[in-house]
Amino acid sequence: MNFYRTTQLMLSGAAFFSLSGSAFALDGTDLLKKINAAYAAQGVAIAAENIDIDGTTVTLKNVTVKPTSGESLPISEITLSGVEEDEDGGYYIEEAAFPDINKTQDGATVTAEGLTLGGISVPATAGGDTLDTMMLYESAHTGPVKVVKGGAEIFSLLESNMNLALREDESGFDFDGTFKSMKVDLTAAEEPKSKDAIEKLALQHVQGDITMKGAWELAPGTIDISEVAFDFTNIGKLSFGFKISGYTMAFMKSMQDAIKESEANPNKEQSDQALGLAMLGLMQQLSFDAAQIRFQDASITKRALDYAGSQQNMSGKQMADSLKAMTPIMLAQLNIPELQNAISAAVNTFLDDPKSLTVKAAPEKPVPFPTIVGAAMGAPNTLPQVLGVKVSAND
């Protein structure tokens, strides 16, 4: 008897959970609505003619993406896999897969494969200035990207990857990205002067990588782009970075609201003026912490000097000597005596033996943006001192 009752309870429980599973199936319409609410701040609307659901997979069919200003972009379908609804009404999407691109326009065909976003968090309520109102993703990936024109591949990219990691204490994000094996074919240049310059500089085939790394601390609004680097074979590596503070979520929300209000104003001139004043007001909340730009030569400097010299009927060394002589004269007009000698010394060192050239701005303490604007308008020659600018070579 006890066994019979126990069996009844088990079967009843199984039936209940089966019914519950059907009752709480994913709502594709609600998911798309909340994705659109999150994208609204960026002025983008997504529409789908049909939404198919199969377990935890949601397929949006005959999709169109419509920016506030611009034409709609048709997309055949987007597959959202590993979709889960949170207790608060938001969603987590394990991966969003987009169709491959194959589009021809003006004689050029663009193809792209393997387009995905991973680890997407869709907020239950978007548009606020807290972390749980933002739509975030953990990764973005593209496979091979190519541009073909006249039967020749003029651009290609092996793959790209972007990663964003929320810190355990939710105090901020760390992010990085890579664009691997980028190739550009410049042999098809038709304009004679451009073609000659490309050949003399040996830039017929440009190949390299682009990388970036940074972080965002939410409370102080500190954005630290530690490096964005363009590293190209037989050319050099150009890298830059900067650090500002005050870019909080509240600041970002205010900026988005100002842009949205401007776009809604039919009077273009009036809306532009209002937006300019709003941005000027918001800029007062930001401070400049540091910045750096650095170039590491990989043989392009010598070729550039040789080419520039040939245009003036002189050798590359003579061109370098001419530039060294001209630098102090040009800098004297800027009235920055403290920095003038350092720049001249760095230019001389670099041109004599091209290795690296670095410009850093590192004030003792963060400088409010209004102070920078005021110095630029009233006494531009004081900016290097205000920002703590230093120039060096081959270090």
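The values are calculated or read from the model by the stated rules, or taken from the named source; none is laboratory data. A quick note: this is a predicted structure, and the numbers were derived from the prediction, not measured. Note that each Cβ is placed from the backbone with ideal geometry, even for glycine, and that neighbours are counted across all protein chains shown. These area figures cover heavy atoms from the full protein model, side chains too; ligands, DNA and RNA do not enter into them. Shrake-Rupley method; radii C 1.70, N 1.55, O 1.52, S 1.80 Å.
Residue check: is residue 96 crowded, with 16+ Cβ neighbours inside 10 Å and part of a loop (DSSP other than H, G, I, E, B)?
Considered against the rule, which asks whether it is crowded, with 16+ Cβ neighbours inside 10 Å and part of a loop (DSSP other than H, G, I, E, B), residue 96 comes out as no.
Please count how many residues of region 97-112 are free of Cβ contacts under 8 Å to residues at least 40 places away in the same chain and of a type in the set (Gly, Ala, Ser).
2
Taking into account only those residues within region 342-371 that are in contact with a strand residue (DSSP E or B) (Cβ under 6 Å, 6 or more places away or on another chain) and β-branched (Val, Ile, Thr), which is surrounded by the most Cβ atoms within 10 Å (Cβ to Cβ)?
Of everything passing the filter in region 342-371, 343 is surrounded by the most Cβ atoms within 10 Å (Cβ to Cβ).
Scan region 132-156 for residues that are touching a strand residue (DSSP E or B) at 6+ places or on another chain (Cβ under 7 Å), surrounded by 15 or more Cβ atoms within 10 Å (Cβ to Cβ) and farther than 19 Å from residue 118 by Cβ and report the count.
Residues that pass the stated criteria total 7.
I'd like to check something: does region 382-391 contain any residue that is under 30 Å from residue 315 (Cα atoms) and either touching a Phe, Trp or Tyr at 6+ places or on another chain (Cβ under 7 Å) or not polar (S, T, N, Q) (or both)?
Taking every residue of region 382-391 in turn, at least one turns out to be under 30 Å from residue 315 (Cα atoms) and either touching a Phe, Trp or Tyr at 6+ places or on another chain (Cβ under 7 Å) or not polar (S, T, N, Q) (or both).
Does residue 280 satisfy the criteria of being more than 30 Å from residue 203 (Cβ to Cβ), open to solvent by less than 70 Å² (accessible area, probe 1.4 Å) and aliphatic (A, V, I, L, M)?
no
Just to verify a result, which residue in region 302-347, among those that are touching a residue at least 40 places away in the same chain (Cβ under 8 Å) and closer than 29 Å to residue 194 by Cβ, is nearest to the chain's Cα centre (by Cα)?
304
Given the residues 213, 237, which is the only one that is part of a strand (DSSP E or B) and either in contact with a Ser or Thr (Cβ under 7 Å, 6 or more places away or on another chain) or aliphatic (A, V, I, L, M) (or both)?
When all the criteria are applied, what remains is 213.
Matching residues to (1) more than 30 Å from residue 258 (Cβ to Cβ); (2) open to solvent by 40 Å² or more (accessible area, probe 1.4 Å); (3) of a type in the set (Gly, Ala, Ser); (4) not in a strand (DSSP E or B):
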{"site": "45", "(1), (2), (3), (4)": "no, yes, yes, no"}
{"site": "49", "(1), (2), (3), (4)": "yes, yes, no, no"}
{"site": "53", "(1), (2), (3), (4)": "yes, yes, no, no"}
{"site": "58", "(1), (2), (3), (4)": "yes, no, no, no"}
{"site": "63", "(1), (2), (3), (4)": "no, no, no, no"}
{"site": "69", "(1), (2), (3), (4)": "no, yes, yes, yes"}
{"site": "76", "(1), (2), (3), (4)": "yes, yes, yes, no"}
{"site": "80", "(1), (2), (3), (4)": "yes, no, no, no"}
{"site": "83", "(1), (2), (3), (4)": "yes, no, no, no"}
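Quick check: anything in region 177-192 over 27 Å from residue 358 (Cα atoms), part of a helix (DSSP H, G or I), open to solvent by 50 Å² or more (accessible area, probe 1.4 Å) and at pLDDT below 95?
Yes - at least one qualifying residue is present in region 177-192.
May I ask you to list pairs of residues, at least six apart or on different chains, whose Cβ atoms are under 6 Å apart, with the first in region 161-174 being farther than 14 Å from residue 118 by Cβ and the second being buried (at least 16 other Cβ atoms within 10 Å of the Cβ) and not hydrophobic (A, V, I, L, M, F, W, C)?
Close Cβ pairs satisfying both conditions: 172/217.
Kindly check whether there is at least one residue in region 223-231 that is under 30 Å from residue 361 (Cα atoms) and in a loop (DSSP other than H, G, I, E, B).
Checked region 223-231: no residue is under 30 Å from residue 361 (Cα atoms) and in a loop (DSSP other than H, G, I, E, B).
When residues of region 218-227 are filtered for being under 17 Å from the mean Cα position of the chain (by Cα) and buried (at least 17 other Cβ atoms within 10 Å of the Cβ), how many remain?
Residues that pass the stated criteria total 4.
Scan region 101-121 for residues that are surrounded by 13 or more Cβ atoms within 10 Å (Cβ to Cβ) and among the charged types (D, E, K, R) and jot them down.
Within region 101-121, just 113 meets the criteria.
Which count do you get for residues in region 193-214 that are open to solvent by less than 40 Å² (accessible area, probe 1.4 Å) and under 26 Å from residue 158 (Cα atoms)?
Looking only at that region, the number is 7.
Quick one: what pairs do we get from region 30-46, first residue under 17 Å from residue 86 (Cα atoms) and in contact (Cβ under 8 Å) with a residue 24 or more places away in the chain, second surrounded by fewer than 17 Cβ atoms within 10 Å (Cβ to Cβ) and among the polar types (S, T, N, Q), C-beta under 9 Å, 6+ apart or different chains?
Pairs that qualify, where the first residue is under 17 Å from residue 86 (Cα atoms) and in contact (Cβ under 8 Å) with a residue 24 or more places away in the chain and the partner is surrounded by fewer than 17 Cβ atoms within 10 Å (Cβ to Cβ) and among the polar types (S, T, N, Q), are 34/125; 37/125.
Identify, from the list 275, 218, the residue that is in contact with a strand residue (DSSP E or B) (Cβ under 6 Å, 6 or more places away or on another chain) and at pLDDT below 95.
218
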